[in-house]
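The structure appears below as structure tokens.
What follows draws every value from the coordinates through simple rules; no lab data is involved. Because the structure is a prediction, the values reported are computed rather than measured. Heads up, the Cβs are rebuilt from the backbone with ideal geometry, glycines too, and the neighbour counts pull from every protein chain shown.
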Amino acid sequence: MLRSHDDIQFAATPAATHPPADGLPLPRRIWAIVAICFGTGLFVLDGTIANVALPTIGRDLRIDAGVVVNVVTVYQLVMVMALLPFANLGDRWGLRRVYQTGQVVFLVASGLAFFVHSLASLLAIRALQALGAGMAMSVSSAMIRQIYPRRSLGGGLGVNSVIVSSANALAPALGGFIVAQGDWRLIFVAAVPFALVSLMLGRFLPSPAGSDRPFDWRSGLWSAGSLALLIGGVELAAHGGRVALGLVVVGLGALSAGLLVRRERTRERPVFPVDLLAKPGIGLSSLAAITGFLSSAGLIVALPFRFQQGLGYAPEQAGLLLLPFPLTMLIIAPLAGWLSDRVSASLLGIVGMAVAIVGLCLIGFLPHEATRFDIAWRLVVCACGFGLFFSPNARMIIGGAPVARAAAAGGLLATSRLFGQTLGAAVVGVLLSLGAGLGPTPMLVAVGFAVVAATCSLARHIVVSRAEKCPAVEVVGEQ
């Protein structure tokens, strides 16, 4: 098999080596894949299904467009806060136990969604759902690495991307249908069947032994608090009259994160994975993931408002208009994952972001009289670009970490994704509050972040190419 030259591990010491990983035996592997796929679909569906319903929720609860975006951002904020601490807890308590406990918490919160009658209660329910989702998502990538043989890791991440794309494809149409035909509160329980199936199949999931190492609650709470300050500050700044306060909170979050990093550098298995971020391949991939997901979130969150308030489409029509994006990802993402096992993930990322930039520009300057077909093919171009980028980039983070730090790498990947998505939703909220959210501005901002993601991929390609000439490197799969 051809090997991607990006499969270089920067190992200055023997501690960074990877023992062989053969995955689960068949047929258990198949059932474990099904279980993890339903679990992934559950949290992706619940995280995105509300987007198309935001205008309806805002009208029903009598809140403006800039504020109602918090229904999305609070979910993502709590998940971001939970990911790194629970990933670290998964190493100690056991991956499967953390994963399934999170699913139970999510089910309880979903049942409470029927009793929502105000923005405050809705945000509280979304926060509890997000806590359960964060517990499960913190260890899901580590379990994927345990399920698949190492030589097929890229393909396995591609399969996971198929589920993400499928859930994203279902979410707008299902959300639009529910809003048009019934109570919008039902959208928050639509993912419950996925949780039930995943729980029933949970016994097939990998369950590596936990560690006797005590959990570092101080670092866990510190990490969650730092991320809360950073994203909460952005949210405060997103709403008129609190810009100065928001900037102060962001500054406090940055200071807190800096102090946490200094503390974590002295620890063997830090909650905040500074040891992984110090690796050029992982550090650059994480930054690329944040900016790439920030760019795609700007597209997905802004378009429902543009379609409904700018172009006059009904909620269910807006959901269907978004469908070409996830359907195209459904095809491109697994192909990109398969390719990343064979060719340079960095080159795939550069090409993908270049295509995405073209698509974002086409969407940004969409004519007011555009037909459904005009919208669809532009979304297909965007999806091709993002699809080529995300799976290979994820492989660099998951495959580049030592096996002993698989859960930390999974938490880092999920944190990067959700941090980017949360900031993307916040940026759209700012633009909507400023009256600039229905034109080309959101897409142009998304282009800027896509350029950063492409630059990170290029820098990673250069660094890894130079590392190939260095004798003190290791090639994935040959340890």
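In a Debye calculation with equal point scatterers on the alpha-carbon sites of the stretch 157-197 and no solvent, what is log10 I(q)/I(0) at q = 0.18, 0.19, 0.22, 0.24 Å⁻¹? Here the Debye-derived log intensity ratios amount to -0.57, -0.62, -0.76, -0.85.
Take every Cα pair under 8 Å whose residues are at least 6 apart in sequence, average their separation, divide by the length of the stretch 217-266, and the relative contact order is 40 percent.
Principal-axis analysis of the Cα atoms of the chain puts helix 280-305 at an angle of about 20° to the longest axis. Peptides 289-296, 221-228, 32-39, ordered by how many other C-beta atoms sit within 10 Å of their residues on average, highest first, read 289-296, 32-39, 221-228.
If you wrap a convex hull around the Cα atoms of the stretch 217-266, how much volume per residue is inside, in Å³?
Numbers: hull volume 2.4 nm³, N = 50.
Output value, Cα hull per residue: 47 Å³.
When peptides 43-50, 406-413, 276-283 are ranked by their average number of other Cβ atoms within 10 Å per residue, the highest-first order is 406-413, 43-50, 276-283.
Of the peptides 96-108, 327-339, the ranking by mean beta-carbon count within 10 Å, highest at the top, reads 327-339, 96-108.
What is the fewest-to-most order of THR422, THR371 by other Cβ atoms lying within 10 Å of their Cβ? Show your work: numbers first, answer last.
Details: THR422 27, THR371 8.
Fewest-to-most Cβ neighbours within 10 Å comes out as THR371, THR422.
The computed Cα extents along the principal axes in Å for the structure shown corresponds, within [x] 60, 49, 42; [y] 88, 41, 37; [z] 64, 47, 47, to [x]. Compared with the dominant principal axis of the Cα atoms in the chain, helix 70-93 is inclined by about 20°.
The C-alpha atoms of the chain define a longest principal axis, and helix 441-468 lies at about 10 degrees to it. Per-residue Cβ neighbour counts within 10 Å put ARG150, ARG342, ARG263 in the sequence ARG342, ARG263, ARG150, beginning with the fewest.
Taken over the stretch 222-370, the convex hull of the Cα atoms encloses 160 Å³ per residue.
Once C-alpha pairs closer than 8 Å and six or more residues apart are averaged by separation and normalised to the residue number of the chain, the relative contact order reads 28 percent. Taking Rh as the Kirkwood radius computed over C-alpha pairs, what is the Stokes-Einstein D of the stretch 148-267 at 10 °C in a medium of viscosity 1.306 mPa s, expressed in µm² per second? Translational D for this selection: 83 µm²/s.
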